[in-house]
Amino acid sequence: MQIKICLYGFGNVGREFARVLAAKGPYLKARHRIDAKVFAIVTSTGGVVEPRGFSERELSERSRLAHLSSQEGFREGDPEDLSKWILPWIDGAGPTVIVDATWSDLDTGEPGLSRLLKATAMGCHIVTLSKAPLVADFYGLVEAARRHSVQLKFSGATAAGLPTIDTIRVSLAGAEVQSIEGILNSTTNYILTAMSDEGLSYEDALQRTRAMGLAESDPERDVTGIDTACKVLILANAAMNARKRLSDVRITGITGITRRQIATWAMEGRSVKLVGKAALVGDDVRIEVAPAPLPHRDFFAQVREDAKAVRFTTDLFGELVMAGGAGGLTAAAGSALRDLVNLAELFRHRQGGR
Ligand SMILES: NC(=O)c1ccc[n+]([C@@H]2O[C@H](COP(=O)([O-])OP(=O)(O)OC[C@H]3O[C@@H](n4cnc5c(N)ncnc54)[C@H](OP(=O)(O)O)[C@@H]3O)[C@@H](O)[C@H]2O)c1
């Protein structure tokens, strides 16, 4: 089966996705009978298209070259003109998928939200690495996908290398998820570990994550807890039907934590972690992000450096805890690949196994 991909965003994540897709092409064909080809790559000022789909070699080369706008075949144009970048590849023979690796505004979800809604109306499936459209209007996107019979996948927006949403949807199917707790942000976990173990100040620890390439050039969303809040909010809406918005989440980040506080907690036998939590309280779901000083015997207290972890509490299966999964760009790109494979398998199943 051929999957036709329109890749939106050719920055850190988009390029890595192109590189990984090119490298894994033969494996996808042999193992999954999937020929996943990129037909368009779109950035903020225009894009490149290839009506036969880019070969693995060309895709790999483009992922290494300079900015897309200076690459061969680049055409200036409005990225939101989907009739140009997406519509030509929709033919019903196999799934056409938009892979969204761009930034959008967290309050409005734009420009990604409108783009994804329009894509669903064209019959295009969605794989999004961008959290903002899901944060701004999760239920609008779910409803649009349902109405137009397309799939909406977002494992790259909910902790990427650590499988969260797929675990809930497949492995915990049938169970009521009563709470979700997670260490969901690598940068903050690394900072807190370095402050605890090495006695670094907050500023020095933050500087280290920047030097390691772990923190974004603007790590504001990480250290203020907003990134964790977005992830736990998406999971709570998806798994607990929380019907919440980002403004409903009580958020405390790690910027106010001092070495002295950490030393006091250490003397009490506790390690501090930034934990996002969604819990059923009566008919409501309460969502909160805050630094939690945890006893050393707590599993989360052992999750160190850039690792992530999640704990689900359910009625049927009790408590399930998972930790690990690579962080960084390759895992983010890999999540989009995972979504594509799962999407294709479901598409094939619905077509009667072809
Ligand atoms: N970094 C990670 O580890 C990670 C992990 C999971 C998810 N994510 C998410 O992935 C997304 C991209 O992150 P990144 O680090 O790759 O960002 P980035 O390096 O800044 O790249 C963003 C790309 O999006 C393009 N873009 C901006 N506005 C656009 C528009 N209206 N239409 C089409 N393209 C547009 C930019 O175009 P120009 O090149 O023209 O500027 C650029 O190519 C973010 O939502 C982020 O939260 C990142």
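The values are calculated or read from the model by the stated rules, or taken from the named source; none is laboratory data. Keep in mind the model is a prediction, meaning the values are calculated, not measured. Methodologically, a virtual Cβ is constructed for each residue, glycine included, from the backbone with ideal geometry; neighbour enumeration extends over all protein chains shown. The area values use the complete protein model at the heavy-atom level, side chains included, leaving out ligands, DNA and RNA. Shrake-Rupley method; radii C 1.70, N 1.55, O 1.52, S 1.80 Å.
Residue by residue, the stretch 292-300 carries 3J(HN,Hα) couplings of 10, x, 10, x, 4, 6, 5, 3, 4 Hz when phi is fed to the Karplus relation 6.51 cos²θ - 1.76 cosθ + 1.60 (θ = phi - 60°); x denotes Gly or Pro. Solvent exposure of the chain, expressed per residue, is 44 Å² of accessible area, with all protein chains present and a 1.4 angstrom probe.
Over the chain, dividing the summed -39,500 (n - 2.57) contributions of all DSSP H runs of at least 4 residues by the number of residues returns a 222 nm mean residue ellipticity of -12000 deg cm²/dmol. Take every Cα pair under 8 Å whose residues are at least 6 apart in sequence, average their separation, divide by the length of the chain, and the relative contact order is 18 percent. Across the stretch 166-325, C-alpha contacts under 8 Å between residues 6 or more apart give a mean separation that, scaled by the residue count, equals a relative contact order of 34 percent. Derived from the Cα gyration tensor, the three semi-axes of the equivalent ellipsoid of the chain are 36, 23, 18 Å, largest first. With viscosity set to 0.692 mPa s at 37 °C, what whole-number translational diffusion coefficient in µm²/s follows for the stretch 236-354 from Stokes-Einstein and a Kirkwood radius over Cα pairs? Calculated translational D: 187 µm²/s.
The stretch between residue 44 and residue 204, if pulled fully straight at 0.36 nm per residue, gains 54.2 nm over its current Cα-Cα span. Between residue 270 and residues 5 or more places away or on another chain, which pairs have amide H atoms under 5 Å apart, with H built 1.01 Å from N, and which residues are they? Amide H to amide H, under 5 Å and 5 or more residues apart or across chains, residue 270 pairs with nothing. Along the stretch 83-95 the Karplus relation, 6.51 cos²θ - 1.76 cosθ + 1.60 evaluated at θ = phi - 60°, assigns HN-Hα couplings of 5, 8, 9, 10, 3, x, 9, 8, 9, x, 6, x, x Hz to successive residues, with x for each Gly and Pro. Start at zero, step by 5 Å, and the Cα-Cα distances of the stretch 166-325 spread as 2, 10, 19, 21, 19, 15, 9, 5, 1, 0 percent across the bins.
Taking only protein heavy atoms and a 1.4 Å probe, the accessible area of the stretch 166-325 is 46% carbon and sulfur.
Of all segments of the chain bounded by GluC sites (Glu not before Pro) found in a DSSP loop with no more than 16 other C-beta atoms within 10 Å, the longest spans 81-175. Considering only beta bridges that DSSP places wholly inside the chain, some 65 percent are antiparallel. Highest average first, the peptides 237-245, 108-116, 188-196 ordered by how many other beta carbon atoms sit within 10 Å of their residues are 188-196, 108-116, 237-245. Subtracting the Cα-Cα distance of residue 12 and residue 64 from their residue separation scaled by 0.36 nm leaves 17.6 nm. Among complete DSSP H helices in the chain, those whose alpha-carbon atoms stretch at least 24 Å along the helix's long axis and whose mean Kyte-Doolittle hydropathy reaches -1.0 are 12-32, 328-350.
Residues whose amide H falls under 5 Å from that of residue 110, counting only those 5 or more places apart or on a different chain, are 105, with hydrogens built in the peptide plane. Taking 21 Å as the limit for the C-alpha separation, the pairs 37/131; 131/244; 244/308; 4/231 exceed it in the case of 37/131; 244/308; 4/231. Net charge dipole, the stretch 166-325: roughly 120 debye, given to the nearest 20, about the Cα centre with Cβ charges of +1 for Lys and Arg and -1 for Asp and Glu.
Residue separation of residue 87 and residue 296 scaled by 0.36 nm, minus their Cα-Cα distance, works out to 69.8 nm of gained length. Quick one: Debye curve from the C-alpha atoms of the stretch 205-298, no solvent, what's log10 I(q)/I(0) at q = 0.10, 0.11, 0.23, 0.25 Å⁻¹? The calculated log intensity ratios at q = 0.10, 0.11, 0.23, 0.25 Å⁻¹ are -0.33, -0.39, -1.12, -1.18.
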